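Here is the structure we will look at.
The values are calculated or read from the model by the stated rules, or taken from the named source; none is laboratory data. Bear in mind the structure is a predicted one, so any value in this text is a computation, not a measurement. Cβ atoms come from the backbone with ideal geometry, glycine included; neighbour counts cover every protein chain shown.
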Amino acid sequence: MSLLELFVDVDDFCKVFLPIWERSLLGNGTRRRLRKGQLTVSELMTIVIYFHQSHYRDFKFYYTEHVCKQLRSEFHNMVSYPRFVALLPSVLASAIWSLYWYLVYRFNYFIGVR
């Protein structure tokens, strides 16, 4: 699967999943900031999934040498590695659940369960 195909697939999934996920979260009555980041959850997930499809063993090397140099044109709002790592905890819960349900969806799709 090419990077573009992967991103489109992940982005389509996130457009359906994330609003449902955010509605199901319990609030404590205080207002939460829902600012958009430089990278979307779809982009974060695509980078992580693409890492696992690559031959790289070290994520930092993959991100700094492959993503930042060779894929810069694909991700227009690219952030530095320290910033990417800092972004992960802020979207970690939604990204992990999105990634989990995306993989369940794709696995079931490939084995014919719908």
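The set of residues in region 45-103 that are of a type in the set (S, T, N, Q), modelled with pLDDT of 90 or more and not in a helix (DSSP H, G or I) comprises S54, S73, S80. Taken together, the residues in region 8-17 that are in contact (Cβ under 8 Å) with a residue 60 or more places away in the chain and in contact with a helix residue (DSSP H, G or I) (Cβ under 7 Å, 6 or more places away or on another chain) amount to 4.
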